[in-house]
Amino acid sequence: MSKPGVSRISISLPPALLEDFDAVITNIGYDRSKAIQQAMRDFISEYQWDAAPSASAVGTVTIIYDHDVSGLESELTAIQHQHTDLITSATHIHLDSHQCLLVIVVKGPAVKIKQLASKLQGLRGIHQLKVTSLMEALAPTNSHSH
Ligand code: NI
């Protein structure tokens, strides 16, 4: 699937967009090639989710919820117990006297991550839910040292 070497491309874009882009990447110490590669991986991750639902992904489901809603915490726990094949870990942080942050780390088919997220999203008392997913196949594989 992956060819060795590099491909060079030429693209057209509005000057103002390039200016903004250069300002941001200079700030974070990236060159254009590195920044565009990362932007392309993010873009593919975002859309491959729909195009290749069975592709393996890693990511997180991050939830802020109302800890006072009765039954919600046991429901959240029950759902996590139903998806032990997908969930690698979870962290619970008590934000204040009413709100909790739950970060669930997931690894598995993108479609299953999406299903888990929509199941959680539907619960009463969820204030915010965000899914981040990275397609495993897109991760650079040539510099893995641990
Ligand atoms: Ni809590």
Test: residue in region 67-74 that is part of a helix (DSSP H, G or I), over 16 Å from the mean Cα position of the chain (by Cα), under 23 Å from Met135 (Cα atoms) and of a type in the set (S, T, N, Q): no
Flag if His81 is at pLDDT 95 or above, within 16 Å of the ligand (Cβ to nearest atom) and surrounded by fewer than 17 Cβ atoms within 10 Å (Cβ to Cβ): no
Residues that are under 15 Å from Thr60 (Cβ atoms) and within 11 Å of the ligand (Cβ to nearest atom), drawn from region 84-95: Thr91, His92, Ile93
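The values are calculated or read from the model by the stated rules, or taken from the named source; none is laboratory data. Bear in mind the structure is a predicted one, so any value in this text is a computation, not a measurement. When we count neighbours, we look across all protein chains shown, and the Cβ atoms used for this are built from the backbone with ideal geometry, even at glycine.
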